[in-house]
Amino acid sequence: MSTAMDGYLQQQLDAIQAQQRVRQRQPYRNSAGTRLTQADGRELRVFCSNDYLGLANHPALKAAWCDAVDRYGVGSTASQYINGHSLEIQALEQELADFLGYPRVLLFGSGYLVNTGVIDALLGRADGIASDQLNHASLIDGCRLSGSRVKAYAHASCKAAESALDELQDCRHRLLLSDAVFSMDGDVADIPALARTAQAHQAWLMLDDAHGLGVLGPKGRGSVAAAGLGPTEVPILTGTLGKSVGVYGAFVAGSQALIEYLSQVTRTVIFTTALPPALVASARAALQLIQAGDERRTHLHKLIESFRAGLIKRGLPQSPSCTPIQPLVVGSESRAMALSAGLRERGFWVSAIRPPTVPAGTCRLRITLSAAHQSEDVEALLDTLADVYSGLPACP
Ligand SMILES: *Cc1c(COP(=O)(O)O)cnc(C)c1O
């Protein structure tokens, strides 16, 4: 039976189809580091995961997971405030605080939950937010949820951020909000300049370091540490455990007062089931590995350099990113889809990124590198990329 609702939704779906923006999930039956086996049995080399350090398949993380399952079972069974607050959570919060050099940390279910929840908890209708126009959707949704006045400023422009804050000067509190590493472009925010701007305007500064944690800075402490800064300059710092940490979950770091307040009022931690203890135990094992040595980071940064040099050598366009996120912007939906499909036929899995994830006309392959890749993986990708790219239809 087709209802009026279904008819309406079908029209909407047809419109998405006409724009070539249908998203398709690709099931796989197993995954081992940078290779996965599709449902049809074909093996693909993956160049679009956020597992930058190659920890998601690390034996130490698997062992920590299994060991904790024996002790705790698989589910956390309730929110952190009911009976979901395992010793694992308590320990990881302390270990993250020590690692980051922040007074205190609060764990969340995901980066999406931490960003939406924290912004909503801290700001309301009387407040104003200056937000980089390329900020992640979870930050944008946090702004919406808070009901604050929002001024999106031109990407990475401190001048524009200052004007946005000036326009918000009647607000009770003002927040300057930015990705530390931009998720679809890989460029790093000018954190010292953001800190100075926030301070000069008596605004709060919140950074989301989803892609810097583990990858940038001394011992992988992230973008803020890489800039030589800390909680004084960047009082609100969020990050995820789903990317370089290789597991799942997220956190906010800040002062004792900030974290105590957030732990009392943030709806996305109070009204949701706590992270399973085994998952948190794996994240603790990952944090040990991240701090233990620079081998993975050194290898990763070498791969990034050789990938970028390889692009130039083959006449392919290079992006201004020195992080593992190396976008190849091709413009239209059809070009991005054709490039992704061509690579897939040749054994490489790099998904096409289209609006609303990126602005219209900037569709791209978001190529990501991992410490689990070998140099020959990267060379093979570059050769195949050059081949498929040269066969693309011209820009319309
Ligand atoms: C991936 C991402 C998030 C969301 O983190 P999850 O843990 O996957 O929910 C938040 N911010 C940025 C910048 C991201 O890239």
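The values are calculated or read from the model by the stated rules, or taken from the named source; none is laboratory data. In this text, all values refer to a predicted model and were calculated from it rather than measured experimentally. Cβ: placed from backbone, ideal geometry, glycine included. Neighbour counts: every protein chain shown. Only protein heavy atoms, including side chains, enter the accessible area calculation; ligands, DNA and RNA are left aside. Shrake-Rupley method; radii C 1.70, N 1.55, O 1.52, S 1.80 Å.
For the range 238-273, enumerate the residues that are open to solvent by 10 Å² or more (accessible area, probe 1.4 Å) and either within 15 Å of the ligand (Cβ to nearest atom) or not in a helix (DSSP H, G or I) (or both).
Passing the criteria: T240, G242, K243, G246, V247, Y248, S255, T268, F271, T272, T273.
Is there any pair linking a residue in the range 364-391 that is modelled with pLDDT under 95 to one that is open to solvent by 20 Å² or more (accessible area, probe 1.4 Å) and in a helix (DSSP H, G or I), with Cβ under 9 Å and at least six apart or on different chains, and which?
If the second residue must be open to solvent by 20 Å² or more (accessible area, probe 1.4 Å) and in a helix (DSSP H, G or I), the pairs left are G391/A338.
Which of the numbered conditions does A91 fail, given that it passes all the others? Conditions: (1) touching a helix residue (DSSP H, G or I) at 6+ places or on another chain (Cβ under 7 Å); (2) at pLDDT 95 or above; (3) buried (at least 18 other Cβ atoms within 10 Å of the Cβ).
Only one criterion in (1) touching a helix residue (DSSP H, G or I) at 6+ places or on another chain (Cβ under 7 Å); (2) at pLDDT 95 or above; (3) buried (at least 18 other Cβ atoms within 10 Å of the Cβ) is unmet by A91, namely (3).
Condition first: part of a loop (DSSP other than H, G, I, E, B), touching a residue at least 40 places away in the same chain (Cβ under 8 Å) and within 13 Å of I367 (Cα to Cα). Now tell me which residues in the range 317-347 satisfy that.
S319, S321, C322, T323, P324
Would you point out which residue out of A126, A121 is more than 16 Å from the ligand (Cβ to nearest atom), open to solvent by 10 Å² or more (accessible area, probe 1.4 Å) and part of a loop (DSSP other than H, G, I, E, B)? If you could, list the steps in order and put the result at the bottom.
Numbers: A121 fails: part of a loop (DSSP other than H, G, I, E, B).
The unique qualifying residue is A126.
Tell me, yes or no, whether the range 207-214 has at least one residue that is surrounded by 24 or more Cβ atoms within 10 Å (Cβ to Cβ) and not in a loop (DSSP other than H, G, I, E, B).
yes
Filter the range 236-271 down to the residues that are touching a helix residue (DSSP H, G or I) at 6+ places or on another chain (Cβ under 7 Å) and among the β-branched types (V, I, T) and list them by number.
Correct list: I236, T238, T240, V245, V247, V252, V265, T266, T268, V269, I270.
Going by the structure shown, is G222 within 16 Å of the ligand (Cβ to nearest atom), more than 19 Å from G109 (Cβ to Cβ), at pLDDT 95 or above and out of contact with any helix residue (DSSP H, G or I) (no Cβ under 6 Å at 6 or more places or on another chain)? Give the derivation first.
Values: within 16 Å of the ligand (Cβ to nearest atom): yes; more than 19 Å from G109 (Cβ to Cβ): yes; at pLDDT 95 or above: yes; out of contact with any helix residue (DSSP H, G or I) (no Cβ under 6 Å at 6 or more places or on another chain): yes.
Taking the combined requirement at face value, the residue satisfies it.
Residue check, G84 against (1) surrounded by fewer than 22 Cβ atoms within 10 Å (Cβ to Cβ); (2) at pLDDT 95 or above, all met but one. Which one?
For G84, the failing item is (2).
Of all residues in the range 32-75, which are surrounded by 15 or more Cβ atoms within 10 Å (Cβ to Cβ) and without any contact (Cβ under 8 Å) to a residue 40 or more places away in the chain?
Hits for the range 32-75 are R35, Q38.
Can you give me the number of residues within the range 132-190 that are within 16 Å of the ligand (Cβ to nearest atom), in a strand (DSSP E or B) and more than 22 Å from F251 (Cβ to Cβ)?
Summing the residues that are within 16 Å of the ligand (Cβ to nearest atom), in a strand (DSSP E or B) and more than 22 Å from F251 (Cβ to Cβ) in the range 132-190 gives 1.
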